[in-house]
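These notes are about the structure you will find just below.
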Amino acid sequence: MTPQPSATQALDTPLPTQPLTIMWTQTAVVVTTHLLAALALFPWFFSWTGVILAVIGHHLFGCFGMTLGYHRLLTHRGFTCPLWFERVLAILGTCCLQDSPARWVAVHRQHHQFSDEQPDPHSPLVTFLWGHMGWLFADNREHNRVTFLDRYARDLLQDPFYMTLERNRVWLLVYIAHAVPFFLAGLLVGWWNSNSWLTGAQFGASLLVWGVFLRTVAVWHFTWSVNSLGHLFGYRNYSTGDQSTNNWLVALLADGEGWHNNHHAEPRAAAHGHRWWEFDFTWAMIRLLEMIGLAKNVIRPQCWNRVEHDESSRHPKGSGVVPPTKLLDRRGARKAG
Ligand SMILES: [Zn+2]
Ligand SMILES: [Zn+2]
């Protein structure tokens, strides 16, 4: 049996990234988007409308697109919904500039299969920075192969919709296309109110910088924090075979994704907060969708069923459920036994 590395043992970068080759185009996109987001520091680019759009966008694109769409629906199939609604969620996800649905799903499924071991694409056991964002800049030769997508995201690519997004980087065009209306709407409203194109351009730029670039970068770091902080700092409810943790700050910023140890224990469960005080905004939205009939076959954590069973009979039977073990301290035992 392969010995499990402890949290203090470093992990090497995934073998398919060795020797390290930087993907310069992707690096340039990430750096440029950060620089564009930094324009928010200049008063000329400020507007309260832009701030409001950033906050709304964080939930609309970040929650419905990424956490609810890309992650809990497309990757883990934690619930079902009408195909048209699934595609709407997928489009919202592409507006977060975090890769196409198929590639995001494939990389994340690989992460679950090999969490904190070779070839986990973004374990922070390599270094914190690698797990957070460094892995995005390294050429992972395995991810470039068609067999990779075929192995991890075949279900998606059987749908021509996702294949179209994949081909010729159409998903990237979707991101660019969604940014344009922010500027145009601001330009027209600003011009309408002031009769000045310069004022219109300033207002349009504020909506673009706050509503698109800053929001994109914020959602990036919230998502990336799940991969970095969520595998290093926090507490553990379950003895999963990795270093995943529950981190309240990440849960708050990433709409519930910070209950990451719970998620690794039950990847398919649509709710990541398992205890009553582990608030999960995305789960609240899924419940809402369930109530209005848009979400069906919602998978709930098995420990919730166990609690109900306990209360009804006081004699729970083994059901294959991973019991919520005694709380493990931060960076506690990697595996029981
Ligand atoms: Zn993880
Ligand atoms: Zn997951």
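Structure notes:
- Members of segment 226-246 found to be within 27 Å of Ala54 (Cα to Cα), within 11 Å of ligand 1 (Cβ to nearest atom) and not hydrophobic (A, V, I, L, M, F, W, C), listed by number: Asn227, Ser228, Gly230
- Residues that are assigned to a helix (DSSP H, G or I), surrounded by 14 or more Cβ atoms within 10 Å (Cβ to Cβ) and hydrophobic (A, V, I, L, M, F, W, C) within segment 144-162 comprise Phe148, Leu149, Leu156, Leu157, Phe161, listed in sequence order.
- Among the residues of segment 57-65, some residue qualifies, meaning at least one is touching a residue at least 12 places away in the same chain (Cβ under 8 Å), under 16 Å from the mean Cα position of the chain (by Cα) and exposed (fewer than 15 other Cβ atoms within 10 Å of the Cβ).
- Residues that are within 16 Å of ligand 1 (Cβ to nearest atom) and either more than 15 Å from Asp155 (Cα to Cα) or buried (at least 23 other Cβ atoms within 10 Å of the Cβ) (or both) within segment 66-86 comprise Met66, Thr67, Tyr70, His71, Arg72, Thr75, Gly78, listed in sequence order.
- Restricted to segment 102-117, and to residues there that are within 12 Å of Arg154 (Cα to Cα) and in contact (Cβ under 8 Å) with a residue 60 or more places away in the chain, the residue that is farthest from ligand 1 (Cβ to nearest atom) is Ala102.
Yes/no matrix, rows are residues, columns are (1) of a type in the set (Val, Ile, Thr); (2) within 14 Å of ligand 2 (Cβ to nearest atom); (3) modelled with pLDDT of 95 or more:
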position	(1), (2), (3)
Ala102	no, no, yes
Ala106	no, yes, yes
Met133	no, no, yes
Tyr152	no, yes, yes
Phe161	no, no, yes
Thr164	yes, no, yes
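- Scanning segment 31-56 for residues that are closer than 30 Å to Gly273 by Cβ, of a type in the set (Val, Ile, Thr) and touching a residue at least 60 places away in the same chain (Cβ under 8 Å) returns a single hit, Val51.
The values are calculated or read from the model by the stated rules, or taken from the named source; none is laboratory data. Owing to the predicted nature of the structure, the values given are computational and were not obtained by experimental measurement. Glycine also receives a Cβ, built like all others from the backbone with ideal geometry; neighbour counts cover every protein chain displayed.
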